[in-house]
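Peer 1: The structure's right below; bear with me while I get my questions together.
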Amino acid sequence: MSYLSEIWSRATEQLPAPDQWVVWATAAVALVVVCFRPTWRVSRHVVTIAHEGAHAVAALITGRRLSGIRLHSDTSGLTLSYGKPRGFGMILTALAGYIGPGLVGLGAAFMLRQGYGVGLLWLLIVVLALMLLQIRNWFGLLSILVSAVVLVAVSWFASTEWQTAVAYLVTWFLLIGAPRPVIELQASRRRGKARTSDADMLAGLTPFPGLFWVGVFMVVTVGALVLGSWWIGLWSIEDLPRF
């Protein structure tokens, strides 16, 4: 019980914002990780976890029955749910995947803005633990466990300064990384290799074509990046040019 009390105390403690150089440094590291192909190949698994987790949450809140999540070594994933094959629930479930990482990053940025960097790490651990219950393949199990162990190690053993830095790094990675899969999706669609993508599924469920939904994904993820950047202090409204 004392461990739970200690975790709760750490998670609910409001901490002051880090020095501005920490914000800039973590943003720069996240940008390099996303833009550099070898690091992106590995780190993209984190985006896939957020993508499939968003599908799962959307399915549950719209009354669909979740039957499992699979994460694959090629960074693809699959979330299976049962319910009506058409209608609002299916549309929201299909829509949630590509916008999920950006919205998770935006929520993380809001928590950082409130001073809950350590709380963010523990909340992510809880989310991973819940996802673990729905994982249906060995690679997915490994991905979730590795991510959770890293976060637990940082949250329990690292200093407050390092915990805050990691929280900022994770947030920046989600915000900066969210648009890239959308770009990759459209590149695959252009080559005719993504006929069963979320965008094409939405095209079959609505009157709008797949390209429209790719545009929606991009607007939401870029919007989350801009708003999240402002929230965690990379720039403030006073820094914007005046005309």
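Peer 1: I'd like to verify a number: residues in segment 1-24 that are assigned to a helix (DSSP H, G or I), closer than 21 Å to residue 124 by Cβ, touching a residue at least 40 places away in the same chain (Cβ under 8 Å) and not charged (D, E, K, R), how many?
Peer 2: 4
Yes or no, residue by residue, for (1) closer than 26 Å to residue 27 by Cβ; (2) touching a residue at least 40 places away in the same chain (Cβ under 8 Å):
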{"residue": "63", "(1), (2)": "no, no"}
{"residue": "66", "(1), (2)": "no, yes"}
{"residue": "72", "(1), (2)": "no, yes"}
{"residue": "75", "(1), (2)": "yes, no"}
{"residue": "86", "(1), (2)": "no, yes"}
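Peer 1: Going through segment 101-117 one residue at a time, which ones are without any contact (Cβ under 8 Å) to a residue 60 or more places away in the chain and not hydrophobic (A, V, I, L, M, F, W, C)?
Peer 2: Our first condition is that a residue be without any contact (Cβ under 8 Å) to a residue 60 or more places away in the chain; within segment 101-117, this holds for 107, 111.
Once the filter is applied, which keeps residues that are without any contact (Cβ under 8 Å) to a residue 60 or more places away in the chain and not hydrophobic (A, V, I, L, M, F, W, C), segment 101-117 yields only 107.
Peer 1: Do the conditions hold for residue 71, that is, is it surrounded by 15 or more Cβ atoms within 10 Å (Cβ to Cβ) and over 27 Å from residue 226 (Cβ atoms)? I'd like the intermediate steps shown before the answer.
Peer 2: Working: surrounded by 15 or more Cβ atoms within 10 Å (Cβ to Cβ): yes; over 27 Å from residue 226 (Cβ atoms): yes.
For residue 71, the condition - surrounded by 15 or more Cβ atoms within 10 Å (Cβ to Cβ) and over 27 Å from residue 226 (Cβ atoms) - is met.
Peer 1: If you don't mind, there's one more thing I want to ask. Pull up segment 153-164, narrow it to residues that are surrounded by fewer than 18 Cβ atoms within 10 Å (Cβ to Cβ) and either charged (D, E, K, R) or within 19 Å of residue 115 (Cα to Cα) (or both), then point me to the one that is farthest from the chain's Cα centre (by Cα). Show your work before the answer.
Peer 2: Applying the first criterion (surrounded by fewer than 18 Cβ atoms within 10 Å (Cβ to Cβ)) to segment 153-164 yields 153, 156-162.
Retained after the next criterion (residues that are either charged (D, E, K, R) or within 19 Å of residue 115 (Cα to Cα) (or both)): 156, 158-162.
Values: 156: 22, 158: 23, 159: 24, 160: 23, 161: 23, 162: 21 Å.
Top of the filtered list is 159.
Peer 1: Within segment 107-148, work out how many residues are in contact with a Phe, Trp or Tyr (Cβ under 8 Å, 6 or more places away or on another chain) and crowded, with 18+ Cβ neighbours inside 10 Å.
Peer 2: 3
Peer 1: Let me ask something additional. How many residues, within segment 192-221, are among the aliphatic types (A, V, I, L, M) and assigned to a loop (DSSP other than H, G, I, E, B)?
Peer 2: So the answer is 1.
Peer 1: Could you give me the residue pairs with C-beta distances under 7 Å whose first residue belongs to segment 152-173 and is in contact (Cβ under 8 Å) with a residue 12 or more places away in the chain and under 24 Å from residue 36 (Cβ atoms), whose second residue is loosely packed, with under 13 Cβ neighbours inside 10 Å and hydrophobic (A, V, I, L, M, F, W, C) wherever it lies, and which are 6+ apart or on separate chains?
Peer 2: 154/162
Peer 1: In the set 195, 180, which member is surrounded by 15 or more Cβ atoms within 10 Å (Cβ to Cβ) and either on the phi > 0 side of the Ramachandran plot or of a type in the set (D, E, K, R) (or both)?
Peer 2: On inspection, the qualifying residue turns out to be 180.
Peer 1: A further question follows. Could you figure out which of (1) charged (D, E, K, R); (2) modelled with pLDDT of 95 or more; (3) surrounded by fewer than 20 Cβ atoms within 10 Å (Cβ to Cβ) isn't true of residue 52?
Peer 2: The one condition residue 52 does not meet is (3).
For every residue, the table says whether it meets (1) touching a Leu at 6+ places or on another chain (Cβ under 7 Å); (2) part of a helix (DSSP H, G or I); (3) of a type in the set (Phe, Trp, Tyr).
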site	(1), (2), (3)
101	yes, yes, no
104	yes, yes, no
107	no, yes, no
110	no, yes, yes
131	no, yes, no
139	yes, yes, yes
147	yes, yes, no
150	no, yes, no
171	yes, yes, no
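Peer 1: Now, a different point. Within segment 1-47, can you find the residues that are under 25 Å from residue 160 (Cβ atoms), more than 16 Å from the chain's Cα centre (by Cα), hydroxyl-bearing (Ser, Thr, Tyr) and surrounded by 12 or more Cβ atoms within 10 Å (Cβ to Cβ)?
Peer 2: Once the filter is applied, which keeps residues that are under 25 Å from residue 160 (Cβ atoms), more than 16 Å from the chain's Cα centre (by Cα), hydroxyl-bearing (Ser, Thr, Tyr) and surrounded by 12 or more Cβ atoms within 10 Å (Cβ to Cβ), segment 1-47 yields only 26.
Peer 1: Of the numbered conditions (1) assigned to a helix (DSSP H, G or I); (2) at pLDDT 95 or above, residue 189 fails exactly one; give the number of that condition.
Peer 2: That leaves (2) as the condition not met.
Peer 1: Condition check: in a helix (DSSP H, G or I) and either open to solvent by 70 Å² or more (accessible area, probe 1.4 Å) or over 20 Å from residue 50 (Cα atoms) (or both). Does residue 167 satisfy that?
Peer 2: Judged against the criteria, residue 167 is not a match.
Peer 1: Does residue 91 satisfy being farther than 26 Å from residue 184 by Cα, outside any strand (DSSP E or B) and touching a Leu at 6+ places or on another chain (Cβ under 6 Å)?
Peer 2: Spelling it out, it is not the case that residue 91 is farther than 26 Å from residue 184 by Cα, outside any strand (DSSP E or B) and touching a Leu at 6+ places or on another chain (Cβ under 6 Å).
The values are calculated or read from the model by the stated rules, or taken from the named source; none is laboratory data. These figures come from a predicted structure and were not determined experimentally. Please note: Cβ atoms are built from the backbone with ideal geometry, for glycine as well, and neighbour counts cover all protein chains shown. To get the accessible areas, we keep the full protein, side chains included, count just its heavy atoms, and leave off ligands, DNA and RNA. Shrake-Rupley method; radii C 1.70, N 1.55, O 1.52, S 1.80 Å.
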